[in-house]
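Just below is one structure, and these are the notes that go with it.
The values are calculated or read from the model by the stated rules, or taken from the named source; none is laboratory data. These figures come from a predicted structure and were not determined experimentally. Methodologically, a virtual Cβ is constructed for each residue, glycine included, from the backbone with ideal geometry; neighbour enumeration extends over all protein chains shown. Heads up: the accessible areas ignore ligands, DNA and RNA and are worked out on the full protein's heavy atoms, side chains in. Shrake-Rupley method; radii C 1.70, N 1.55, O 1.52, S 1.80 Å.
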Amino acid sequence: MTVLEAAGEVVIAGPTGLPAPEELREAAVGATALVTLLSDRVDARLLDAAGSGLRVVANVAVGYDNIDVEAARSRGVAVANTPGVLTDATADLTMALILAVTRRLGEGERLIRAGREWRWGLDFMLGHGLQGRELGIVGLGSIGAAVGRRARAFGMRVAYAGPSPAPEDRVGALEAVHLPLSELLGRADVVSIHTPLRQETFHLIGAAELAAMKASAYLVNTARGPIVDEEALVAALRAGEIAGAAMDVFEDEPRVHPGLVALENVVLAPHLGSATVETRAAMAELAARNAVAVAGGSAPLTPVL
């Protein structure tokens with residue numbers, strides 16, 4: 001806010017909570033820059049409501065699936081995001097979810113909080129270790145690579161799927177193998193999703209892909225909810241096609257599929273990937289600096305277009 005207020009008048013949409021679309025449009029009238037959250041839908045109506053003076057949409061997120069990029073481009077409006085600053089926080093959360101689902105931490109905590117009787121036993125609530133297992137990363141961008149580094153520290157092997165091989169400086173230290181998605185799904189012990197949400201990645205993981213995974217494997221998603229077909233995931237979990245899942249993002253946030261909530265072998269988090277004080281502050285400041293830069297006639301610091 002300090003960065004923005006130093007540059008000009010600031011209008012806050014929905015000051016008491018997440019704004020409705022009509023509140024966004026009303027607040028945007030006459031704006032030079034919009035600083036938006038991933039929960040804000042930036043479409044043609046919002047861009048037109050802002051008017052011809054709008055120069056930039058600065059998204060407080062690395063993903064920008066909430067923005068109609070083509071609509072912005074056609075109006076000469078720059079779009080910026082916040083890459084880099086949330087990499088470590090999201091990778092940490094991903095590793096936490098991997099540990100939680102493979103070691104059944106959610107189940108254990110629920111058991112204790114419910115006051116159910118328990119006693120240590122040699123075969124009590126056994127999970128699975130990570131050493132010697134394979135992590136399959138879907139999308140080896142900066143976050144995927146950071147998860148890979150953490151997985152290597154836990155003794156895991158790393159493979160990844162993507163449209164093309166990742167740069168050697170990203171792959172080398174991981175000793176990661178590039179595989180077709182179908183092959184990766186069939187051999188990985190943990191599949192972790194880190195690809196952006198685009199038209200071609202919507203329901204990238206559906207019934208066929210889940211059926212291709214090992215019955216002992218786990219699915220983890222900290223990217224975007226609609227990349228996974230939740231209905232298919234619930235069916236696969238109920239049928240024992242995979243061992244479990246851990247989700248930080250959901251297909252219809254903030255709604256969570258009731259089938260996921262009912263299953264013990266699922267770990268659920270409310271979109272906390274970048275939710276550290278340090279990371280959210282860095283994201284907000286970068287978005288503000290992007291807005292101020294373009295409003296002042298310069299290029300955005302981290303442009304999407």
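The gain in end-to-end length when the Phe202 to Val261 segment is fully stretched comes to 19.0 nm, 0.36 nm per residue minus the alpha carbon separation. Of the heavy-atom accessible surface of the chain (probe 1.4 angstrom), what whole percent is carbon and sulfur? C and S atoms contribute 55 percent here. Along its principal axes, region 40-104 has C-alpha extents of 54, 20, 15 angstrom, given from the largest down. Taking Cα atoms only, the orientation of helix 277-295 departs from the longest principal axis of the chain by about 30 degrees. Dipole check for the chain: with +1 at the C-beta of Lys and Arg, -1 at the C-beta of Asp and Glu, and the Cα centre as origin, the magnitude is about 600 Debye.
Would you work out the Kirkwood radius for region 1-125? I mean one over the mean of 1/r across all pairs of different Cα atoms, in Å.
Details: mean 1/r = 0.0561 Å⁻¹.
Evaluated over region 1-125, this radius sits at 17.8 Å.
The simple Förster model, with R0 at 45 Å and r as the Cβ-Cβ distance, assigns Leu305 and Arg113 a FRET efficiency of 0.40. Accessible surface computed residue by residue for region 69-201, with neighbouring protein chains in place and a 1.4 Å probe, gives 52 Å² per residue.
What value, in deg cm²/dmol to 500, does the helix sum -39500 (n - 2.57) over DSSP H runs of n ≥ 4 give at 222 nm once divided by the residues of the chain? Intermediate results must be reported in sequence, preceding the final value.
Working: 13 runs with 114 residues, N = 305.
The helix-only estimate for the chain comes to -10500 deg cm²/dmol at 222 nm.
With a simple spin-label model that places each label point 7 Å from the Cα along the Cα-to-Cβ direction, the separation between Ser298 and Val3 comes to 1.1 nm.
How big is the dipole moment of region 11-106 about its Cα centre under a simple scheme where the beta carbon of each Lys and Arg is +1, that of each Asp and Glu is -1, and everything else is neutral? Debye, nearest 20, please. Show your work: numbers first, answer last.
Details: 8 positive and 11 negative charges, 38 e Å.
So the magnitude is around 180 debye.
Where in region 135-155 does the label zone of His178 land, with the point 7 angstrom along Cα→C-beta and an amide N cut-off under 16 Å? Within reach of a label on His178, which here means backbone N under 16 Å from a point 7 Å along Cα→Cβ, region 135-155 contributes 137-142, 145. Report, in whole Å, the centroid distance computed from the Cα atoms of region 1-34 and region 261-305. Their Cα centres are 17 Å away from one another. Report the normalised scattering of region 1-72 as log10 I(q)/I(0) at q = 0.17, 0.19, 0.22 Å⁻¹, calculated by the Debye formula with identical scatterers on the alpha carbons. Each listed q corresponds, in turn, to -0.59, -0.75, -1.02.
Full extension of the chain between Thr276 and Ala20 gives 89.6 nm of extra length, using 0.36 nm per residue less the Cα-Cα distance. Extents of the chain, largest first, come to 66, 48, 33 Å (Cα atoms, principal axes, whole angstrom).
How much accessible area per residue does region 221-261 have, counting only protein heavy atoms and a probe of 1.4 Å, in square angstrom? Write out the running numbers ahead of the final one.
Details: 1470 Å² over 41 residues.
Roughly 36 Å² per residue, with all protein chains present.
Show me, bin by bin at 10 Å from 0, the whole-percent P(r) of region 119-214 based on Cα pairs. Computed distribution, short to long bins: 16, 45, 27, 9, 3, 0.
Is region 109-155 best put as rounded, prolate or oblate by its Cα gyration tensor, with a ≥ b ≥ c the root eigenvalues, rounded for a/c under 1.5, and otherwise prolate when a/b is larger than b/c, oblate when not?
prolate
Using a probe of 1.4 angstrom and keeping all protein chains present, the accessible surface of region 23-63 works out to 45 square angstrom per residue. Compactness of region 225-305 was expressed as the Cα radius of gyration divided by 2.2 N^0.38 Å, which yields 1.58. Beyond 20 Å, the tail of the calculated P(r) for region 149-277 holds 45 percent of the Cα pairs. Taking other residues whose beta carbon is less than 15 angstrom from the beta carbon of Arg113, and scoring Lys, Arg as +1 and Asp, Glu as -1, yields -1.
Could you list the GluC sites (Glu not before Pro) in region 79-165 that lie in coil according to DSSP, counting only those with at most 15 other Cβ atoms within 10 Å of their Cβ? Filter output for region 79-165: Glu117.
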